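Throughout, read-outs are computed from the coordinates displayed, never taken from laboratory work. None of the values given here were measured: they were computed from a predicted structure. As a convention, Cβ positions derive from the backbone with ideal geometry for all residues, glycine included, and neighbour counts pool all protein chains shown.
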Amino acid sequence: MAIMITDECINCGACEPECPNTAIYEGGIEWTWGGGTELKEVTLDDGSVVSGDEKQAPVSDEFYYIVTEKCTECTGFHEEPQCAAVCPVDCCVDDPDHRESEEALLAKKQFLHGE
């Protein structure tokens, strides 16, 4: 499963530099597939292709957020999600709407980083 940031976030920013996938962004900031990954372009579920540098709409305008499609729960990098480990208010939690097996998380890591 991916990690999500709850609305209890105090916008301290401690989580953002810890993410090996650059999946965490400040509220209101656009994100990209290519940021922190090896992706030059991505084919989306609807079949459209987007550049890795193409700006995507923020998931939240109010507080830090995690892009689910880029979150691997730090699988293949660390033993636990680093955002949750450094969060001073424990608002980086499992996202019950996005559950993935360890194999799926490792496949996502490979997709993002080409490893």
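By the scheme Lys and Arg +1, Asp and Glu -1, what is the net charge of all other residues having a beta-carbon under 15 Å from that of Asp61?
Here the count lands on -3.
Rounded to the nearest 500, what is the 222 nm mean residue ellipticity of the chain from helices alone, with -39500 (n - 2.57) per DSSP H run of 4+ residues and division by all residues?
After summing the helix terms and dividing by residue count, I get -4000 deg cm²/dmol.
Pulled fully out, how much extra length does the chain show between Phe111 and Gln56, if you take 0.36 nm times their separation in residues and subtract their Cα-Cα distance? Don't skip to the end; give the middle numbers.
Numbers: separation 55, 0.36 × 55 = 19.80 nm, distance 1.85 nm.
Full extension of this stretch gives 17.9 nm more.
Highest first, please rank the peptides 76-88, 49-61 by the mean number of other Cβ atoms sitting within 10 Å of their residues.
76-88, 49-61
Give, in nm to one decimal, the length gained when the segment between Phe77 and Ala104 is fully stretched (0.36 nm per residue of separation minus the Cα-Cα distance).
Separation in residues times 0.36 nm, less the Cα-Cα distance, equals 8.3 nm.
Of the listed values (i) 37, 30, 24; (ii) 70, 31, 29; (iii) 38, 35, 28, grab the one calculated as Cα extents along the principal axes in Å from the structure here.
Looking at Cα extents along the principal axes in Å for this model, the match is (i).
How much of the DSSP bridge set in the chain is antiparallel, in percent, rounded to the nearest 5?
100 percent
When Lys and Arg each count +1 and Asp and Glu each count -1, what net charge do the other residues less than 12 Å away from Glu41, Cβ to Cβ, add up to?
So the surrounding residues net to -2.
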